[in-house]
Amino acid sequence: MSLNFTIFGNHPSLSLAELLTCYPAIKKPVLGHNFAIFEQDWEPDAAMNLLGGTVKLGRIIKTLSISDASPQAVADLMGQGQETGALDFGCTIYANSQKTRLKYKNYPIQIKKALRAKGWSVRWVTGKGQDDLSPAAVAKCRLTTPPNTDLCLLISQDKVFVGRTEQVQNADAWSLRDYGRPFRNDKAGMLPPKLARIMVNLAGIKKSDTLLDPFCGSGTILMEAALATKSERLIGSDIEEKQIHDSLKNTEWLIKEKILHREELSRFKFIISDVKQLAKHLPVKSINCVVSEGWLGPPLHGHENAREVKKNAEKISDLWQKTLSHLKPLLKKNARLVIIMPSFKAGKEIITPSVVHEFSDLGFKVINPIADYNPQTILYYERAGQHLRRNIFVLNKN
Ligand SMILES: C[S@@+](CC[C@H](N)C(=O)[O-])C[C@H]1O[C@@H](n2cnc3c(N)ncnc32)[C@H](O)[C@@H]1O
């Protein structure tokens, strides 16, 4: 079995949860702050296409002890069996502390020198400032095409894992689905497609499963579910006719852009309905998975006081209490829900809808997909400068 690594995006806990849900055979990974190393037989390109929270992945070509991991030893692993020639390489140090990273600061230049001494014509591709070499730079400079190499030196305790990147996240494809689609609703809150993808993956959807997003808005979750799963039934509902129109147009756009095949349109079903009226449209016990970002309250400007924010949070709680009790009869046994609960910043206070403490009373068990590694964690997603944090809850119907 091959030893692989993944480099996580900006929300490592979410990325790890996604990885372990998609590849449940992974046991005892070596974990760093933003990477995982594990044995798993997989198709690297299929894994990269699936995972929303992983930005690079590849193979560990050698595991060295700290004392053996000289720049010369690393350089000797490069070249893919060729004696000499020309190659471009990148080199990023992944470690849990800045202090450790700094210890390896001069490695790239020394690796370059060692390769030159062996007769290679070498170009070292650098990141911006202190940054890691980005997936986009790796793709642009074709560093995954041998003998070019994107080296990832992953430092964990007394070992240096020398990784060679095989796949990087396709930034253009993600950005096209985010900004290129015809309908976006920035006011109601647009779920980033990468987060939608991670949520879909956390639901572990199978071909025979029926997925429902009862607050589908412009359809981000359904679009990602169509791409990442084989589910034959993807149902989106929303109280607003305009949102259902937008979802429909966005899914048609996926076909126009050849991101999805035309026949796949038959997988989608859209319903205009208040979530509390869904029983009029859907049979009992017909849904296996719910993946949804509900109503997030009115858009915030950042100057709302704690009282206003708390009032909104309670409205969100009230809607989710009703939503869960109306959805319950429609759900199959052991149905899985992956839902977003916002937290709001009001001055120094962080306010979260109280419903997050009531899931078990409402008949749902809270699952922590990374309980073996981080039992305390709450999975969340946030962007700098936003007043809103999106907490991601994974629930199983009791
Ligand atoms: C935050 S938006 C969802 C955005 C969506 N995830 C997307 O990426 O486009 C919340 C959606 O919930 C819908 N909504 C609010 N109250 C609802 C209700 N009672 N029943 C059904 N939909 C509702 C709104 O119309 C809105 O489209």
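The values are calculated or read from the model by the stated rules, or taken from the named source; none is laboratory data. Owing to the predicted nature of the structure, the values given are computational and were not obtained by experimental measurement. Cβ atoms come from the backbone with ideal geometry, glycine included; neighbour counts cover every protein chain shown.
For this structure, a couple of remarks:
- From GLU263, GLU304, residue being away from the ligand (no atom under 16 Å from the Cβ), not β-branched (Val, Ile, Thr) and not in a helix (DSSP H, G or I): GLU304
Matching residues to (1) more than 22 Å from PRO299 (Cα to Cα); (2) at pLDDT 95 or above:
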position	(1), (2)
ASP318	no, yes
MET341	no, yes
LYS345	no, no
LYS348	no, no
THR377	yes, no
ARG390	no, yes
ASN396	yes, yes
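- Checking each residue in the range 342-390 for being in contact with a strand residue (DSSP E or B) (Cβ under 9 Å, 6 or more places away or on another chain), over 24 Å from PRO29 (Cβ atoms) and part of a strand (DSSP E or B) picks out PRO342, SER343, PHE344, LYS345, ILE350, ILE351, PHE364, LYS365, LEU388, ARG389, ARG390.
- Condition check for LYS62: over 30 Å from ALA228 (Cβ atoms), of a type in the set (Lys, Arg) and in a strand (DSSP E or B): yes
- The range 157-188, residues that are surrounded by 18 or more Cβ atoms within 10 Å (Cβ to Cβ) and in a helix (DSSP H, G or I): ARG177
- Residues that are of a type in the set (Asp, Glu) and either surrounded by 14 or more Cβ atoms within 10 Å (Cβ to Cβ) or within 14 Å of the ligand (Cβ to nearest atom) (or both) within the range 241-260 comprise GLU241, ASP246, GLU252, listed in sequence order.
- Residue check for ILE205: more than 14 Å from the ligand (Cβ to nearest atom), hydrophobic (A, V, I, L, M, F, W, C), in a loop (DSSP other than H, G, I, E, B) and under 24 Å from LYS328 (Cβ atoms): yes
- Residues (charged (D, E, K, R) and in contact (Cβ under 8 Å) with a residue 60 or more places away in the chain) located in the range 333-358: LYS333, ARG336
Residues are listed down the side, and each one gets a yes or a no for (1) more than 12 Å from the chain's Cα centre (by Cα); (2) under 13 Å from TYR373 (Cβ atoms); (3) surrounded by 20 or more Cβ atoms within 10 Å (Cβ to Cβ):
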position: ASN4; (1), (2), (3): yes, no, yes
position: ASN10; (1), (2), (3): no, no, no
position: ILE26; (1), (2), (3): yes, yes, no
position: ASN34; (1), (2), (3): yes, no, yes
position: ASP41; (1), (2), (3): yes, no, no
position: ARG59; (1), (2), (3): yes, no, no
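- Boolean, ASP238 is surrounded by 24 or more Cβ atoms within 10 Å (Cβ to Cβ), near the ligand (Cβ under 10 Å from one of its atoms), more than 11 Å from VAL291 (Cα to Cα) and among the acidic types (Asp, Glu): yes
- Qualifying position, being in a loop (DSSP other than H, G, I, E, B), crowded, with 22+ Cβ neighbours inside 10 Å and touching a strand residue (DSSP E or B) at 6+ places or on another chain (Cβ under 7 Å), among LEU211, LEU154, LEU143: LEU143
- The single condition among (1) surrounded by fewer than 21 Cβ atoms within 10 Å (Cβ to Cβ); (2) within 16 Å of the ligand (Cβ to nearest atom); (3) closer than 21 Å to ALA196 by Cα that VAL356 does not meet is (2).
- Scanning the range 128-166 for residues that are over 23 Å from LEU31 (Cβ atoms) and either free of Cβ contacts under 8 Å to residues at least 40 places away in the same chain or of a type in the set (Ser, Thr, Tyr) (or both) yields LYS128, GLY129, ALA136, ALA139, LYS140, THR144, THR145, THR149.
- Condition met for ASP178 (within 12 Å of the ligand (Cβ to nearest atom), acidic (Asp, Glu) and at pLDDT 95 or above): no
- Selection of the range 17-55 for residues being outside any loop (DSSP other than H, G, I, E, B) and farther than 18 Å from THR165 by Cα yields ALA17, GLU18, LEU20, THR21, CYS22.
- Pick from the range 217-251, criterion touching a residue at least 60 places away in the same chain (Cβ under 8 Å) and of a type in the set (Asp, Glu), ranking: farthest from LEU195 (Cα to Cα): ASP246
- In the range 220-234, the qualifying residues are those that are within 15 Å of the ligand (Cβ to nearest atom) and closer than 15 Å to GLU264 by Cα, and the one that is nearest to the chain's Cα centre (by Cα) is GLU224.
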